[in-house]
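Trainee: Input: one structure, supplied below.
Bear in mind these aren't lab numbers, they're just calculated from the coordinates by the rules spelled out. As the structure is a computational prediction, the values presented were derived from the model and not from experiment. Because the Cβ atoms are built from the backbone with ideal geometry, glycine has one as well, and the counts that use them run over all protein chains shown.
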Amino acid sequence: MAKQLKKLQTQQISHRRYDSRKQSEELKVLNSIKDKLNRNKALIKKADKGASIVIIYLKEYEQKVADFILNNGADEVDGNIMTKFQKDLRSTINNCKLLIDTGNKGRFINLNPETPLLRGLIKIHKAGTPICPIINYKNAPSYKLAKMFTGILKSYPPLPNVYNVQNSVQLMNDLSQIPFVPELKLASLDISNMYTNIPTKDLIDIIDMVCKQHNIEYMLKREILTITRLIIMQNYFSFQKKTYIQSNGLAMGAPTSSIFSEIY
């Protein structure tokens, strides 16, 4: 909603003259909303569920994000850590010759990486209205490698997909196989901050064990574990020009986090 307001305002201002009285009135309303938000130091944020929006004071929003960072064990670090991450990425790509073709290794390097930004959606359906963290991981150094690695994890080793569904069609098919009786009840369970609570050391041990169970060749297994460690270690984000890294858990927004959770 905030982006829509800004877009509408920009479109209105770009017109040298207004075609109608209605356009002029719309611009006045948009400017009035913007001025009122600025005067009261407030923001317009999306709610976590539905199409609702939330007007929230800036200090309150910042406190909710700070609470999330504190409660999930993220520590502030030097903003130059991305240089190290980019160096580690290149080293990993050069050393994993079985999984990454030498002629295509440039495809998995982000030449202009950026620290993923954290923003929060307001959970209006939860007590205390905490935030639901949203992180855009697409410009992170390891994003392209993580996206490719997701496909590898589905093949080496193959997963039974016991704890997830591929799409809504599969869900409907699975539900249709359940015999319907009057006493049937459908329960929905939620895990609080699942990605940040996955113990990464245990995850690596599980991947190692599953590779052995499927008789995956030693050098191939080593490369799988090497890339896994790299992606897990590059679990960081920024908020208000400060950079944070999580020593445990999975990176929010990373393509591999969903399948890592399935493996765990």
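Trainee: Going by amide H atoms built from the backbone, whose H comes under 5 Å of the H on residue 132, apart from near neighbours?
Mentor: 121, 122, 123
Trainee: Can you give the three extents of the C-alpha atoms in the chain along their principal axes, from longest to shortest, in whole Å?
Mentor: Principal axes ranked by extent give 73, 60, 38 Å for the Cα atoms.
Trainee: Got a sec? How would 156, 264 order by Cβ neighbour count within 10 Å, fewest to most? Present the calculation step by step, with values, prior to reporting the outcome.
Mentor: Numbers: 156 18, 264 15.
In order of increasing Cβ crowding within 10 Å: 264, 156.
Trainee: A further question follows. Counting Lys and Arg as +1 and Asp and Glu as -1, each charge on the Cβ, what is the dipole of the chain about the Cα centre in debye, to the nearest 20?
Mentor: Values: 38 positive and 23 negative charges, 288 e Å.
About 1380 debye.
Trainee: Continuing with the same structure: Put +1 on the Cβ of each Lys and Arg and -1 on the Cβ of each Asp and Glu in the chain; which of 211, 92, 200 then has its Cα farthest toward the positive end of the dipole?
Mentor: The residue sitting most towards the positive pole is 92.
Trainee: Once you place label points 7 Å from the Cα toward the Cβ at residue 51 and residue 204, how far apart are they in nm?
Mentor: 4.7
Trainee: Same structure again: Between residue 125 and residue 90, what is the label-point separation in nm under the 7 Å Cα-to-beta-carbon projection?
Mentor: Going from the residue 90 label point to the residue 125 one covers 4.6 nm.
Trainee: Calculate log10 I(q)/I(0) of region 200-264 for q = 0.19, 0.21, 0.22, 0.28 Å⁻¹, where I(q) comes from the Debye formula with a single equal point scatterer on each Cα and nothing for solvent.
Mentor: Ignoring solvent entirely, the Cα scatterers give -0.74, -0.86, -0.92, -1.27.
Trainee: In sequence order, what are the phi-derived ³J(HN,Hα) couplings for region 188-195 according to the Karplus relation 6.51 cos²θ - 1.76 cosθ + 1.60 with θ = phi - 60°, rounded to whole Hz, with x for glycine and proline?
Mentor: Per-residue couplings from phi come out as 10, 10, 10, 9, 6, 6, 4, 4 Hz.
Trainee: Please list, ordered by chain and number, the residues whose modelled amide H lies under 5 Å from the amide H of residue 43; skip anything fewer than 5 residues away on the same chain.
Mentor: Excluding prolines and chain starts, which carry no amide H, the hits are 56, 57, 58.
Trainee: Take the chain, connect every pair of alpha-carbon atoms lying under 10 Å apart with a spring to form a Gaussian network, then pick out the residue of 61, 218, 137 with the largest mean-square fluctuation.
Mentor: 218
Trainee: Related question: Say the dipole of the chain comes from +1 at the beta carbon of Lys and Arg and -1 at that of Asp and Glu; which of 79, 231, 43 then lies farthest toward its positive end?
Mentor: The one lying farthest along the dipole's positive direction is 43.
Trainee: Full extension from residue 24 to residue 258: what is 0.36 nm times the residue separation minus their Cα-Cα distance, to one decimal in nm?
Mentor: Working: separation 234, 0.36 × 234 = 84.24 nm, distance 4.77 nm.
In short, 79.5 nm is gained.
Trainee: May I pose another question? Please turn the phi angles of region 245-257 into ³J(HN,Hα) values with the Karplus equation 6.51 cos²θ - 1.76 cosθ + 1.60 (θ = phi - 60°), one per residue in order, whole Hz, x for glycine and proline.
Mentor: 10, 9, 6, 9, x, 9, 5, 6, x, 6, x, 7, 4
Trainee: Can you give me the span-like helices of the chain, meaning DSSP H runs with 15 Å or more of Cα extent along the axis and Kyte-Doolittle mean at or above 0.5? Mind dumping the intermediate values first?
Mentor: On the way: long enough: 2-14 (18 Å, -1.02); 21-39 (27 Å, -1.43); 58-71 (20 Å, -0.41); 81-95 (21 Å, -0.73); 143-155 (19 Å, 0.28); 200-213 (20 Å, 0.24); 218-233 (22 Å, 0.88).
Taking the DSSP H segments of the chain (at least 15 Å long, mean hydropathy at least 0.5), we get 218-233.
Trainee: Can you give the extra length, in nm with one decimal, that the chain gains between residue 136 and residue 190 once fully stretched, where that is 0.36 nm per residue apart less the Cα-Cα distance? Present the calculation step by step, with values, prior to reporting the outcome.
Mentor: On the way: separation 54, 0.36 × 54 = 19.44 nm, distance 2.26 nm.
Here the segment from residue 136 to residue 190 would lengthen by 17.2 nm.
Trainee: Grab the beta carbon distance between residue 107 and residue 166, set R0 = 41 Å, and tell me the FRET efficiency rounded to 0.05.
Mentor: Working: r = 26 Å, r/R0 = 0.62.
Calculated transfer efficiency: 0.95.
Trainee: Distance cut-off 28 Å, Cα to Cα: go down the list 154/201; 46/201; 138/241 and report the pairs above it.
Mentor: Values: 154/201 20 Å; 46/201 35 Å; 138/241 18 Å.
Check vs 28 Å cut-off fails for 46/201.
Trainee: If you take the square roots of the eigenvalues of the alpha-carbon gyration tensor of region 97-183 and sort them as a ≥ b ≥ c, do you get rounded (a/c under 1.5), prolate (a/b over b/c) or oblate? Show your work: numbers first, answer last.
Mentor: Numbers: a/c = 4.15, a/b = 1.32, b/c = 3.14.
It is oblate, given that a/c is not under 1.5 and a/b is not larger than b/c.
Trainee: May I pose another question? Compute a Gaussian network model of the chain, connecting alpha carbons closer than 10 Å, and tell me which residue from 37, 89, 250 fluctuates the most.
Mentor: Most flexible of the set in this elastic network: 37.
Trainee: Where does the chain land at 222 nm, in deg cm²/dmol rounded to the nearest 500, when only DSSP H runs of n ≥ 4 count, each adding -39500 (n - 2.57), divided by all residues? Don't jump to the answer; show the numbers that get you there.
Mentor: Values: 9 runs with 120 residues, N = 264.
Rounded to the nearest 500, the figure is -14500 deg cm²/dmol.
Trainee: ³J(HN,Hα) across region 107-114 via Karplus (A = 6.51, B = -1.76, C = 1.60, θ = phi - 60°), whole Hz, x for Gly/Pro?
Mentor: In residue order, the calculated couplings are 5, 9, 10, 7, 6, 10, x, 9 Hz.
Trainee: Let me ask something additional. For a label point 7 Å from the Cα of residue 219 along Cα→C-beta, name the residues of region 120-154 whose backbone N is under 20 Å from it.
Mentor: Those under the cut-off are 152-153.
Trainee: Something else: Excluding the sites themselves, what is the longest stretch of the chain that contains no trypsin sites (Lys or Arg not before Pro) in a DSSP loop with at most 15 other C-beta atoms within 10 Å? Kindly include the intermediate steps, with their values, before the conclusion.
Mentor: Working: sites that count: 16, 17, 41, 49, 97, 126, 138, 185, 241.
That would be 186-240.
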